[in-house]
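Since every read-out is calculated from the coordinates, none of them should be taken as a lab result. Remember, it's a predicted structure, so these values are computed and weren't measured experimentally. Cβ: placed from backbone, ideal geometry, glycine included. Neighbour counts: every protein chain shown.
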There are 2 protein chains.
Amino acid sequence: MSLFEKHRAIIERAVQANRERVFFAQYPENPKAYAEDANAAGLLKFQNSMNTDFSELEQAQPLRFEGEEVSPYLQTGLGIRYPVFADKIVVERAKTAFQSWRKVSVAERAGILTESLERMKERFFEIAYATMHTTGQSFMMSFQASGPHAADRALEAIAMGYEELSRFPAETQWVKPMGKFDLTLKKSWRPVPKGVSLVIGCSTFPTWNTVPGMYASLITGNPVIVKPHPKAVLPIAIVVAELQKVLIENGLDPNTCQLSVDTSKFPIAKEFVAHPDVKLIDYTGNSVFGNWLEAQSILGKEVFTEKAGVNSVIIDSCADLKAVADNLGFAVSLYSGQMCTAPQNFFIPEGGIETAEGHKSFDEVAAALAAAIEGIAGHPKMGPGVLAALQNDLTADRVKEVAKLDAKILVGSHAIVNEEFPETRTASPVLLQVDGSQEKLFEKELFGPIAIVIKTKNTADSIRLAKQLAQKHGAISCGAYSTSEVVMEQIADEMASVFVPVSFNLTGPIYLNQHAAFSDFHVTGGNPAGNASFTDPNYVNRRFVWVGQRYA
Amino acid sequence: MSLFEKHRAIIERAVQANRERVFFAQYPENPKAYAEDANAAGLLKFQNSMNTDFSELEQAQPLRFEGEEVSPYLQTGLGIRYPVFADKIVVERAKTAFQSWRKVSVAERAGILTESLERMKERFFEIAYATMHTTGQSFMMSFQASGPHAADRALEAIAMGYEELSRFPAETQWVKPMGKFDLTLKKSWRPVPKGVSLVIGCSTFPTWNTVPGMYASLITGNPVIVKPHPKAVLPIAIVVAELQKVLIENGLDPNTCQLSVDTSKFPIAKEFVAHPDVKLIDYTGNSVFGNWLEAQSILGKEVFTEKAGVNSVIIDSCADLKAVADNLGFAVSLYSGQMCTAPQNFFIPEGGIETAEGHKSFDEVAAALAAAIEGIAGHPKMGPGVLAALQNDLTADRVKEVAKLDAKILVGSHAIVNEEFPETRTASPVLLQVDGSQEKLFEKELFGPIAIVIKTKNTADSIRLAKQLAQKHGAISCGAYSTSEVVMEQIADEMASVFVPVSFNLTGPIYLNQHAAFSDFHVTGGNPAGNASFTDPNYVNRRFVWVGQRYA
């Protein structure tokens, strides 16, 4: 049985879910849904991988081994070294692998790629610990985001690719009536892959942000070079290794998907980008490098970016202010604001808001938010788990720098005691208060646990500011609270016009930071926060070209 | 009844044909399929429009009237002047119209746009004469290309847009099981148009090359500014005027689609391109300006181009050499090589080719092609109709310059006597012969009636050269003749790898120059001949962004 036949049911359900955009998760997000001993076994495997050379890749003759990952929980190096290759060799190997991979049928590619996700699933716990000790995420987020959620995002890319690549007939008889006779041609159409694909990972979501581009390029027939962030390699190294094993088992070239690790001192991304045979580039990271990458499109590169954005919350009115504040406090605190979807700017009218419990002044709304943030950070059990760790010192420094800003500090930052890992790099969220006129202070992304309450003239002013920021600096998410259908539609329409998705009136255990595979288009691709979206049709269609043949 | 309901059957059949890629033509290409008096009435209307100001546009307060069209048949000015507007005013009006157009449902947009094609149909003959006397095409090509074929291309864009904009549900209930309870969100998705669209026309196919971008932008909710070539305005002016009438009848802003005419002396395209609110740009024309436009993508513009290409024919072997030569001779001669799909380079092995009638030497193959070309040009009845007229003097000059090249002249150029229009600007096709090593001579597009026979080492060498040219300089079409399935697949595969469609073994009345709506993707978008394709999914999907909303 081919791998396509083996996984046909999964692929078809994924295609269906992708069309319907209803809830669908191939991989359960609850760790308890997996084997009882899987957690302990995964932890042990992770521990055993520390201070060793990563030897699972099927890539021959490395130049040397290098590694520089540091656990944000232990604040010591993991001691794992990865094989390093010359960039030219990596591209040459990709080009060789391209010649066989492009000829594998779309269905078989889908089968092989889905099989690799099934293998990845066997290592979700190990990937979770690897993620935790590179990104600083909590165990639970590490498990969910880097394991099942990432695998679902990868499956979504497979499904979208499978659908798009199959949408036109492979061949047909074209019969044109000419009156006295018919003209007949056999016509065929091939989806032709564009070429070598480079996927550049980030330090905070090493699999979740990497696998969509990786699997989208692979399903469309392109060979992939994964260039992880040098501080967050292990999670994606495991994924690539598992895929390479499946490729070999199926008689294919493991270099169809290669890992190419670099170091902070000698970054390699620009060499790959400059290579004429590299045609596709996926990137998650800062806007400066992302903008440079986008400009490479004039050299014929197809570039897919997720960069920085400034996410807003517009508070117009609500039923239960405490429920709103609790939800938003959690959204700010989760992984210490190191999600690209975390809210930063909270726009509140100076005249306050209406609630089911009566009018609440601006100060009361701000105080509710402050209390929610302090409540999480100050909670000895909840705090460490929700806030987790800061991935790097730059984020910690940014929190300290906030004191210098011309803003009222509603909530100051302090360290969080993590009993399990006393060395954890932490900083509880700060909450600042500024006026709507102080745009310079809040117009840029302040990545990390930094939130700002902004006093606006009224909701129209809040919308104007949120829209303007999204247009100029990008936005990936937006929260809004209103009891008025008219205001809600106004916010949805205005924010959609700058290509920002809005989540309305979220309370309880669902947060605007969370974007689900098969349902939420993550990053719309329409504003400066990024030019691509997980996973809209463009995300796969830009990776190949339809070419027709006609036969008399 | 809404216009969508009125045209529902047409739209649904077009969507279906677009999926199946079988033969489909909503608008018959045979002039006899139309009313008996339509031709005479169209001619009269065209004649009456000469030496007048074009007053059909529903665009208020022109600055002045200008026009510079010259008939290639009469070599006198048409004397038609068009309203001229300040570019900033045109963009402002587009932005105003955008606010209402974007809120019209996709179905209603499809209905309105299809209605405009039905109105255009009523003016096919008038458009044909307008095309003839601006482009120099024959009456038959003018009728077919600017009338029914263009309308079918427009309908194809409507169909692809309708399908893509409807592919995700407008809203759904998203229910995530959480074990003890379910999380429920209402989710909705909107296809949000990108903004003002500029469509820049060319002088040779003023409607066929303009309506795809125009209708693709309109169906996706964007307002359009059509900037025609100043030498070929009337055909598309009629189309825009008809659409504006339909918009007004339906209570919509006629500025949803504006015509903005400029002059050779004061071109306006760059002003539009530089305008920050112009987000989409469609262009057909020379590569220098096309490449500059593509570079504007770094300013956040979505650019769709069709530029120059060098089209090859690979002759490996065939059944009937005369039938092949006749077909290719016609392809070279049709509209004097002024089609972007016309073949230029004919690669023939130095050792000759095998045919059903035995071996034919290189010289015999070249001679057969020469005879076919001479046969058409020298035929007093067929010649003038097939060759038609040269659109401009630059093309005529280019033909003269050919004598200076280091190439053997197999067929020289001469004037063609057109009895109906003695002043017609003509030049019969030249056929040159060069060696495969003289790449500098044949690597660039020599637009017009110039064909080159190239002596190669063998078919592998022919393929190598054709592929290399396509990769470096672009190609829109490719012809190939072989009796070997293996060689055919090799050519299909190699040319597909540089994103060039191949037509195999065409003889009789079907030519590689012809690309049909609903079936042939015109320009693949994968090589330097252009970055877009009529009409693949990218052609519409790049014009809007999916934006989601979530409601608790």
Checklist line | Using a 7 Å Cα-to-Cβ projection, B:ASP493 label spacings across copies, nm, ascending | finding: 5.6
Item checked: At 7 Å out from Cα toward Cβ: B:LEU299 inter-copy label distances (nm, ascending) -> 2.3
Next item on the list: Taking the Cα centre of region A:207-284 as origin, sum charge times position over the Cβ atoms of Lys and Arg (+1) and Asp and Glu (-1), and report the length of that vector in debye to the nearest 20.
Entry: 260
Check: Residue farthest toward the positive end of the dipole of chain B, with Cβ of Lys/Arg at +1 and Asp/Glu at -1: which of B:THR424, B:SER533, B:PRO223?
Finding: B:PRO223
Check: Any idea what the dipole of region B:312-504 comes to, in debye rounded to 20, about its Cα centre with Lys/Arg Cβ at +1 and Asp/Glu Cβ at -1?
Finding: 440
Checklist line | Of B:PHE24, B:LEU44, B:PRO72, farthest towards positive along the dipole that unit charges on Lys, Arg, Asp, Glu beta carbons give region B:1-101 | finding: B:PHE24
Checklist line | Potential lengthening between A:ALA41 and A:LYS186 on full extension [0.36 nm per residue; Cα-Cα distance subtracted] | finding: 46.5 nm
Notebook entry, point to check: For A:GLU420 and B:LYS6, FRET efficiency with R0 = 45 Å and r from the beta-carbon atoms, rounded to 0.05?
Noted result: 0.05
Checklist line | Cα pair distances of region B:3-307 binned at 10 Å [whole percent] | finding: 6, 27, 34, 21, 6, 3, 1, 0, 0
Notebook entry, point to check: Can you give me the Cα centroid spacing of region B:1-41 and region A:347-411 in angstrom?
Noted result: 61
Check: For a label point 7 angstrom out from the Cα of A:ARG13 toward its Cβ, which stretches of region A:23-44 have the backbone nitrogen within less than 11 Å?
Finding: A:24-28
Next item on the list: Kindly point out which whole DSSP H helices in chain A project their C-alpha atoms 15 angstrom or further along the helix axis while averaging a Kyte-Doolittle hydropathy of -0.5 or above.
Entry: A:38-49, A:87-101, A:106-121, A:124-135, A:150-165, A:234-249, A:321-333, A:362-378, A:485-497
Item checked: Calculated SAXS-style log₁₀ I(q)/I(0) at q = 0.04, 0.06, 0.07 Å⁻¹ - the protein assembly as shown, Debye, Cα scatterers -> -0.23, -0.50, -0.68
Next item on the list: Would you kindly calculate the translational diffusion coefficient of chain A, applying Stokes-Einstein with the Kirkwood radius from alpha carbon pairs, for 20 °C and a viscosity of 1.002 mPa s, and quote it in µm² s⁻¹ without decimals?
Entry: 88
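Explain nothing, just the number: dipole magnitude of the protein assembly as shown about its Cα centre with +1 on each Lys and Arg Cβ and -1 on each Asp and Glu Cβ, in debye rounded to the nearest 20.
Details: 104 positive and 124 negative charges, 93 e Å.
It works out to roughly 440 debye.
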Check: Any idea what the relative contact order of region A:312-504 is, in percent, if you count C-alpha pairs under 8 Å spaced at least 6 apart?
Finding: 29
Check: Among A:ILE219, A:ILE463, what is the fewest-to-most ranking by other Cβ atoms within 10 Å?
Finding: A:ILE463, A:ILE219
Margin query: What is the distance in Å between the Cα centroid of region A:100-143 and that of region B:434-501?
Written below: 43
Notebook entry, point to check: Hey, quick one: spin label on A:LYS472, modelled 7 Å out along Cα-Cβ, who in region B:172-197 has an amide N within reach, i.e. under 12 Å?
Noted result: none
Check: Counting other C-beta atoms within 10 Å, which of A:THR96, B:THR76 has the fewest, and how do the rest follow?
Finding: B:THR76, A:THR96
Note to self: If each DSSP helix of 4+ residues adds -39,500 (n - 2.57) and the sum is divided by the residues in chain B, what number results at 222 nm, nearest 500 deg cm²/dmol?
What the structure shows: -12000 deg cm²/dmol
Note to self: What whole-number distance in Å separates the alpha-carbon centres of region A:272-334 and region B:158-232?
What the structure shows: 23
Check: Projected onto the charge dipole of chain A (+1 at Lys/Arg Cβ, -1 at Asp/Glu Cβ, origin at the Cα centre), which of A:VAL240, A:VAL278, A:PRO349 gives the Cα projection farthest towards the positive end?
Finding: A:VAL278
Check: Can you list, shortest first and in nm, the gaps between the label point of B:GLU36 and those of its counterparts in the other copies, using a point 7 Å from Cα in the C-beta direction?
Finding: 9.2
Margin query: Based on the alpha carbons, how large is the Rg to Rh ratio for region A:312-504 when Rh follows Kirkwood?
Written below: 0.96
Notebook entry, point to check: Looking only at other chains, what is the average number of their beta-carbon atoms within 10 angstrom of each beta-carbon in A:535-541?
Noted result: 4
Notebook entry, point to check: Binned at 5 Å from 0, what are the whole-percent values of the Cα-Cα distance distribution for region B:343-448, short to long?
Noted result: 2, 11, 19, 21, 19, 13, 9, 4, 2, 0
Notebook entry, point to check: Given A:LYS270/B:LYS307; A:LYS194/A:LYS245; A:LYS279/A:LYS467; A:LYS322/A:LYS404; B:LYS360/B:LYS404, which pairs have Cα atoms separated by over 32 Å?
Noted result: A:LYS279/A:LYS467
